[in-house]
Amino acid sequence: MKKLFSRKSGKGSVLLICFLFLGSAAIRVGMGAGQAVAVEAQIAEPAQVTETSAPAAPVADEETMVVMLQAFQNREEKLSEMERKMAIREKALTVANEEIEKRLQELEQAEQSLKSLMAVADTAAEDDIARLTAVYENMKPKDAAALFEEMEPAFAAGFLGRMRPDAAAGVMTSLSPEKAYTISVILAGRNANLPRG
């Protein structure tokens, strides 16, 4: 963010304004003196003008110039104070933006790590289920059926749905009719609510 006020340009502007006021005052004094001489020349005859006549009084006196210079200095001090406060705010905003950027990068890294961890966990879980399914497929149907009888029907249906059809058929024939029926209903209804394309 660019500074709105520059210290050098602020002082230069104030000095320029002072010089312009001083120049204006000098012009006014000069014009006043010229007018006074012209009026005097009209009223008095050239022979009566003496060297002891007093010069015309200046329009702007020293006190007015001092007051004006003091006002300019006060204004410059206020501008300097505003500039200092703006610099402090700008620095605080910069620090806050850097901190926010740092936090965002940390969050993105944490999100990537979490995605990687979840992918590993999903893969590991899938590998474990595939291995267990292979174990059930290689068991004798009657031994596997004894395990499936003890399982919750939905859990058992999940494994039977992954098994080779011939191995699943061997297990189903060894199950009790009630258990085989319940698992069959679960297997048949798993995809019933999916939209059809």
If you check Val120, Val67, which single one turns out to be farther than 30 Å from Gly23 by Cα, of a type in the set (A, V, I, L, M, F, W, C) and out of contact with any Gly (no Cβ under 9 Å at 6 or more places or on another chain)? Val120
Check on Asp143, of a type in the set (Asp, Glu), outside the structural domain of Gly158 (by TED's automatic domain parsing) and out of contact with any Cys (no Cβ under 7 Å at 6 or more places or on another chain): no
Residue among Ala33, Ala71 that alone is modelled with pLDDT under 65 and in the same structural domain as Cys18 (by TED's automatic domain parsing): Ala33
Which residues, taken from segment 173-191, are free of Cβ contacts under 8 Å to residues at least 24 places away in the same chain and closer than 16 Å to Lys142 by Cβ? Pro177, Ala180
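The values are calculated or read from the model by the stated rules, or taken from the named source; none is laboratory data. Because the structure is predicted, anything quoted here is derived from the model rather than measured. Reconstructed Cβ throughout: ideal geometry from the backbone, glycine too, with neighbour counts over all protein chains shown.
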